[in-house]
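Trainee: The structure is given below, and queries will be raised subsequently.
The values are calculated or read from the model by the stated rules, or taken from the named source; none is laboratory data. All values reported here derive from a predicted model rather than from experimental measurement. Here Cβ is always computed from backbone atoms with ideal geometry, including for glycine, and neighbour counts include all displayed protein chains. Protein only, heavy atoms only, side chains kept; ligands, DNA and RNA dropped before computing areas. Shrake-Rupley method; radii C 1.70, N 1.55, O 1.52, S 1.80 Å.
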Amino acid sequence: MKAPKFFRDKWFYISLVIIILLVIIAFEVVFDRLDRFTRHGDEMIVPDLIGMNYEEVQEMYKDVFHFQLVDSIYVRDFPEGAVYQQNPKKGLKMKKGRNMYIVMTTISPEIVKMPNLKNLSLRQAMVKLNSAGLNVDNLVFVDYFARNAVIGQLIDGKEVAPNDDVVKGRSVTLKVGLGNGDQTTHLPDLVGTPYREVKNLVNGASLNLGTEIFIDTDDHDSLYVSKMEPAYDAKSMAPLGSDVNVWYKSISKFDFRWYTYEKFRRDSIVERLRRIKADTEDINYVIDSFNYILSHRTFSYDSVLHIRDMEMIYERPDSIVFFDEEDLYFNDTVNDNNYFYDE
């Protein structure tokens, strides 16, 4: 059988070669355009712009980013006209030519009216201050018959009257009543709390935030409390207005999710035991057991340290009785690792 005539025609092969070349060229053009559009491989590490003059930043990185100014705010003790926030944040990978969103500081502060906080409860005063764009500085407790009632509001040691003009963002010292009865308060459990929530929780408990120790130097949004002093204990009380010192670690180095999970297990087991009216000694033992592992584990992401954490044992007497989910009870006569350490 003879091949079709066009297979014997040299122009067929010339045309085929031309078509193949055109297809190759088309693919080269398309992928080149695609690479240019997506800037494939053209990545860089986002620099830290915080604190730098915004105009200088624009000039320095004009060929790298498209800057978008999203807001201007006044920040006391921060350089005027400087970058206060950036998105994406430092250290992230970003392709050149993409948008960089900036919040910068303004030269003129925003003025707000000082609210009237007198005779409000401490919690009400904190909410009202926050709504006005102001912050709590310190709590100063004085002799007054109403516990936690606000009787004075000061800035830089001077009394501030309601409706006075105040720079937004200023911190206000509150004079608060001690009351006539017990002048102590429960400590809040701060470990695992994000940096930006700590002061509000401390002040809300009628305490002051003392020394803050930053073990890691990551962005504040990545920092959580890893230790507090005095250490948390459900039975411990602290004098009203006393200081609580805190240590911060980065969530990238301390497994706060695991820590929080263990706290949840402690609280849920204790609640169940109390609900079925278990013996107080047994309940206290569960609390002591979990508090021991919470304070002694490294909560590291490292696999070797994780195994060491899991091998940690809290010795307990043979007579302890625990209860299951159906409120039945059983005697547990061994060092029950699984009860406390199963993940």
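Trainee: Please determine whether any residue of the range 61-79 is farther than 24 Å from residue 133 by Cβ, at pLDDT 80 or above, in a helix (DSSP H, G or I) and of a type in the set (Val, Ile, Thr).
Mentor: no
Trainee: If I ask for residues that are within 28 Å of the chain's Cα centre (by Cα), within 15 Å of residue 154 (Cα to Cα) and open to solvent by less than 20 Å² (accessible area, probe 1.4 Å), which ones from the range 87-135 would you list?
Mentor: Once the filter is applied, which keeps residues that are within 28 Å of the chain's Cα centre (by Cα), within 15 Å of residue 154 (Cα to Cα) and open to solvent by less than 20 Å² (accessible area, probe 1.4 Å), the range 87-135 yields 122, 125, 129, 134.
Trainee: Now a separate question. Taking residue 180, is it buried (at least 17 other Cβ atoms within 10 Å of the Cβ) and closer than 24 Å to residue 150 by Cβ?
Mentor: For residue 180, the condition - buried (at least 17 other Cβ atoms within 10 Å of the Cβ) and closer than 24 Å to residue 150 by Cβ - is not met.
Trainee: Something else: Which number in (1) outside any helix (DSSP H, G or I); (2) modelled with pLDDT under 85 marks the one condition that residue 50 misses?
Mentor: Here residue 50 clears every test but (2).
Trainee: Sticking with this structure for a sec: Just to be sure before I move on: is residue 250 over 30 Å from residue 143 (Cβ atoms) and out of contact with any Leu (no Cβ under 7 Å at 6 or more places or on another chain) in the structure I sent?
Mentor: no
Trainee: Another one. Hey, can you tell me all the residues within the range 147-158 that are surrounded by 11 or more Cβ atoms within 10 Å (Cβ to Cβ) and outside any loop (DSSP other than H, G, I, E, B)?
Mentor: 149, 150, 151, 152, 153, 154, 155, listed by residue number.
The rows are residues; the columns are (1) more than 25 Å from residue 293 (Cβ to Cβ); (2) of a type in the set (A, V, I, L, M).
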site: 184; (1), (2): yes, no
site: 198; (1), (2): no, yes
site: 204; (1), (2): yes, no
site: 207; (1), (2): yes, yes
site: 218; (1), (2): yes, no
site: 222; (1), (2): no, no
site: 226; (1), (2): no, no
site: 229; (1), (2): no, no
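Trainee: Any residue that is modelled with pLDDT of 95 or more, at negative phi and part of a loop (DSSP other than H, G, I, E, B) - is there at least one of those in the range 165-177?
Mentor: no
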